[in-house]
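Just below is one structure, and these are the notes that go with it.
The values are calculated or read from the model by the stated rules, or taken from the named source; none is laboratory data. The shown structure was predicted, so the numbers you read here are calculated from the model rather than taken from an experiment. Neighbour counts are summed over all protein chains in view; Cβ atoms, including those assigned to glycine, are modelled from backbone coordinates with ideal geometry. All accessible areas refer to the heavy atoms of the entire protein, side chains included, with ligands and DNA or RNA removed. Shrake-Rupley method; radii C 1.70, N 1.55, O 1.52, S 1.80 Å.
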Amino acid sequence: KFRYDGFSVVPKPLYKNGLVYISSGYARAKLYVIDPTGTGDVTESHLKWMTDKDVPNNPSLLSIGDELYLQSDKGTISCLDAKTGEVHYQKKRLIRTSSASPVYAANKIYFTDERGTTLVIAPGKEFKLLATNDIEEPVLASMAIVDEKLLLRSEFALYCIE
């Protein structure tokens, strides 16, 4: 058992590197990184690290290797060391308000905002923007990956990108 304050928790929990990553949800979101090996109440004893800086209320977390990627609802994109929480970079408001979760495909990370702009970046400790694409339609849903195709659903259409 791990206790925290939060409500309307949307981001899915993530298990990676032997740790559990959870967002507390709305109000002031916090990211808790927990060692799941304990029994009973592990709130104090198994918390590895925590942050409340640019933690998403809606988008889920993404982990690739030892890096953890966060896309805040306000458009900040962050890369942290997944084991320690050390910040590699935080880029403020690269995109606008976001609900969709980032996805990883073909060695690229895709971040989409609610106005239909998608940033494509390279994974790694340093920020490297590869492309920006804009469909100019509202997007709330996360992309889906099917084989080598990306499916992007807007308010008005379903796009298949290959």
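Structure above, values below:
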| read-out | value |
| --- | --- |
| Residue list for the range 81-109, restricted to those being of a type in the set (A, V, I, L, M) and modelled with pLDDT under 90 | 94, 95 |
| All positions within the range 58-113 that are closer than 15 Å to residue 22 by Cα and basic (Lys, Arg) | 83 |
| Residues that are assigned to a loop (DSSP other than H, G, I, E, B), polar (S, T, N, Q) and either in contact (Cβ under 8 Å) with a residue 60 or more places away in the chain or open to solvent by 50 Å² or more (accessible area, probe 1.4 Å) (or both), drawn from the range 120-162 | 142 |
| Close pairs (6 angstrom Cβ cut-off, 6 or more residues apart or separate chains): at positive phi in the range 101-119, assigned to a strand (DSSP E or B) and open to solvent by less than 50 Å² (accessible area, probe 1.4 Å) anywhere | none |
| Selection count, the range 16-75, where residues are assigned to a strand (DSSP E or B) and open to solvent by 10 Å² or more (accessible area, probe 1.4 Å) | 15 |
| Any hit, the range 23-35, residues being of a type in the set (D, E, K, R) and under 18 Å from residue 123 (Cβ atoms) | no |
| Residue that is nearest to residue 60 (Cα to Cα) [pool: residues in the range 107-119 that are part of a loop (DSSP other than H, G, I, E, B) and open to solvent by less than 80 Å² (accessible area, probe 1.4 Å)] | 113 |
| Residue identified as among the hydrophobic types (A, V, I, L, M, F, W, C) and within 24 Å of residue 32 (Cα to Cα) among 94, 140, 80, 130 | 80 |
